[in-house]
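The values are calculated or read from the model by the stated rules, or taken from the named source; none is laboratory data. Note that this is a predicted model, so its numbers are computed, not measured. With ideal geometry, Cβ positions are generated from the backbone for all residues, glycine too; neighbour counts draw on all protein chains shown. All accessible areas refer to the heavy atoms of the entire protein, side chains included, with ligands and DNA or RNA removed. Shrake-Rupley method; radii C 1.70, N 1.55, O 1.52, S 1.80 Å.
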Amino acid sequence: MTTTDRPLRVAVVGGGPAGLYTADALTFDPDSNATVDILERLPVPFGLLRYGVAPDHLTMKLAVNSLQEVLDRPSVRLFCNVEIGRDIEVEELRRHYDAVVYATGADADNKLAIPGEDLTGSSSATSFVKWYNGHPEAMDFDLSRASTVGVIGAGNVALDVTRILVKQAEELRNTDIDEATLVALAASTVTDVHIFIRRGAEFAKFTTKELRELGELHDVDIVVDPEHIPADDAGELGAVAKRNIALLRAWSGRTPTGATRRIHFHFSTRPTEILGEQSVRAIRVERSGTDGCRDIPVDMILRAVGYRSRPIAGVPFSDETATIPHEDHRVIRDGAPQRGEYAVGWAKRGPSGVLGTNRSDAEATAGAVFDDRVELLTQRTEDFGGALNLLTTRGTRFLDNDAWNTIADREIQLGTIHDRQRIKIRSWDELVAAGSPAFTPS
Ligand code: NAP
């Protein structure tokens, strides 16, 4: 075999959608002659598909099936429960693989930078999303003491958390949400969710499909002030803005039905302070075009003002954009784009777009890896064995493809016990235990 005939060995850091779509693009064609090792910090793969997409978005969750097929390919190996900088260094990956692709996403949250933001009861929507999605590191939420919740932001995350807050827990029984979370949602005393949106409805980032879902919820009224809805001829409106505005206008004309839960939209309303002594009591907001501020009583605040990437130890990172600096998908290190180091997904582009955006981004990134192929293969002639050798030598307890399949089986067994299709295992230790043969679900 000549040097350029051997398989291209690629490490993908991050087992979420961007990383898995990259693995797909690199190995889909058997003639591409590439192998991929995926390194994931969490004990399980799928990232935001498992821990970000709302449990009731069942169609979107189906993307897991095609990504599972990628994991089933012999050319793709999974190493979960492996943290860069703790279990393995980036420098080692750069030595042991022909190419390294960073696909670590964005799972931290943006801040509002207003007083009171850190009071008890004020959290990021990201934390709430992690909680209802059974993320092993999620904080706990007690909804049995709250009646009014303020959600800040006009993106799809704001709509997701609002929908979960007002939906009847029973309606989530056909999802993989864990039993404890279902019980906590069933005990919720939340009746009103106020969404505070700093600009007009024409600038909202949410998509019409997600907005429309709110109007279809059982026993929920939507309250929109018709005066807050811009006229159709207000400036140049894009297609999404036009559809959103039409929907909001229709809602603003509805007579309340006396539903037990309500969603209140507040457009052009900017939060200036979260009020409370120890915990959240109210939110102070300023509506553009009016004088002064107004205090609205709330028991809980969720800030849905965007995700943010975290730096990876040993990888260049721009604090300003919270992304990995790159040119044509190649990481810029020491001032120059590197053949051999690539970035993909939100870690590269920032947190925007839908799932399909990551797919096309992954294909373009894999294209750059293939463009560099000959150079990458000639850079390195020795096979070091990659993550498998490094982690086994160190005794790191990683979870591989088989362990993941065992966990997936356990989650289905757990579902059967509770007369449901599948129930996610929440705790980190239980996931690790479930990946070993001696585990009995309860
Ligand atoms: P996003 O779409 O970027 O929305 C963030 C919102 O926060 C914007 O409305 C923004 O308002 C507002 N904001 C930012 N800073 C603020 C501040 N200081 N004060 C008040 N408001 C502030 O972010 P996201 O909702 O987190 O969604 C992230 C990505 O995931 C998006 O691409 C989204 O479509 C996607 N996603 C998709 C789905 C789905 O398809 N169902 C579900 C969840 C998420 P301005 O516009 O005024 O800056």
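Observations on the structure shown:
- The lone criterion from (1) under 14 Å from ALA103 (Cα atoms); (2) in contact with a helix residue (DSSP H, G or I) (Cβ under 6 Å, 6 or more places away or on another chain); (3) open to solvent by 10 Å² or more (accessible area, probe 1.4 Å) left unmet by LEU20 is number (3).
- Subset of region 154-186 that is within 9 Å of the ligand (Cβ to nearest atom) and open to solvent by less than 10 Å² (accessible area, probe 1.4 Å) - its residue that is farthest from THR126 (Cα to Cα): LEU159
- Among the residues of region 297-306, those that are open to solvent by 30 Å² or more (accessible area, probe 1.4 Å) and within 15 Å of the ligand (Cβ to nearest atom) comprise VAL305, GLY306.
- Subset of region 384-407 (residues that are under 16 Å from PRO43 (Cβ atoms), open to solvent by less than 70 Å² (accessible area, probe 1.4 Å) and touching a residue at least 40 places away in the same chain (Cβ under 8 Å)): ALA387, LEU391, THR396, PHE398, LEU399, ASP400, ASN401, ALA403, TRP404, ILE407
- Selection status of GLY258, farther than 29 Å from GLU202 by Cβ and either basic (Lys, Arg) or touching a residue at least 40 places away in the same chain (Cβ under 8 Å) (or both): no
- Failed condition for ILE84, given (1) open to solvent by 30 Å² or more (accessible area, probe 1.4 Å); (2) touching a helix residue (DSSP H, G or I) at 6+ places or on another chain (Cβ under 9 Å): (1)
- Applying the set (1) open to solvent by less than 30 Å² (accessible area, probe 1.4 Å); (2) within 16 Å of the ligand (Cβ to nearest atom) to ASP118 leaves exactly one unmet item: (1).
- Some residue of region 190-197 being out of contact with any Lys or Arg (no Cβ under 7 Å at 6 or more places or on another chain) and open to solvent by 60 Å² or more (accessible area, probe 1.4 Å): no
- Here THR272 clears all of (1) of a type in the set (Val, Ile, Thr); (2) open to solvent by 10 Å² or more (accessible area, probe 1.4 Å); (3) part of a helix (DSSP H, G or I) except the condition numbered (3).
- Residue within region 107-114 that is at pLDDT below 95, within 15 Å of the ligand (Cβ to nearest atom) and basic (Lys, Arg) present: yes
- Some residue of region 230-245 being more than 16 Å from the ligand (Cβ to nearest atom), open to solvent by 20 Å² or more (accessible area, probe 1.4 Å) and at pLDDT 95 or above: no
- Some residue of region 187-209 being touching a His at 6+ places or on another chain (Cβ under 8 Å) and more than 16 Å from the ligand (Cβ to nearest atom): yes
- Tally, over region 309-326, of residues that are assigned to a strand (DSSP E or B) and either at pLDDT below 95 or over 20 Å from GLY47 (Cβ atoms) (or both): 1
- Which numbered condition ASP31 fails, given (1) open to solvent by 30 Å² or more (accessible area, probe 1.4 Å); (2) within 25 Å of SER436 (Cβ to Cβ): (2)
Each row is one residue, and each column tells you yes or no for (1) at pLDDT 95 or above; (2) out of contact with any strand residue (DSSP E or B) (no Cβ under 7 Å at 6 or more places or on another chain).
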| residue | (1), (2) |
| --- | --- |
| GLY15 | yes, no |
| LEU42 | yes, no |
| PHE46 | yes, yes |
| LYS61 | no, yes |
| LEU71 | yes, no |
| VAL76 | yes, no |
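- Filter pass, VAL223 being more than 16 Å from the ligand (Cβ to nearest atom), surrounded by fewer than 22 Cβ atoms within 10 Å (Cβ to Cβ), part of a loop (DSSP other than H, G, I, E, B) and among the β-branched types (Val, Ile, Thr): no
- Within the set VAL64, VAL70, the sole residue that is β-branched (Val, Ile, Thr) and open to solvent by less than 20 Å² (accessible area, probe 1.4 Å) turns out to be VAL70.
- Any hit, region 314-324, residues being within 30 Å of PHE265 (Cα to Cα), polar (S, T, N, Q), crowded, with 18+ Cβ neighbours inside 10 Å and within 15 Å of the ligand (Cβ to nearest atom): no
- ARG303 touching a Leu at 6+ places or on another chain (Cβ under 7 Å), without any contact (Cβ under 8 Å) to a residue 24 or more places away in the chain and under 20 Å from ILE114 (Cα atoms): no
- One residue from VAL129, VAL100, VAL149 being open to solvent by less than 10 Å² (accessible area, probe 1.4 Å) and farther than 25 Å from ALA282 by Cα: VAL100
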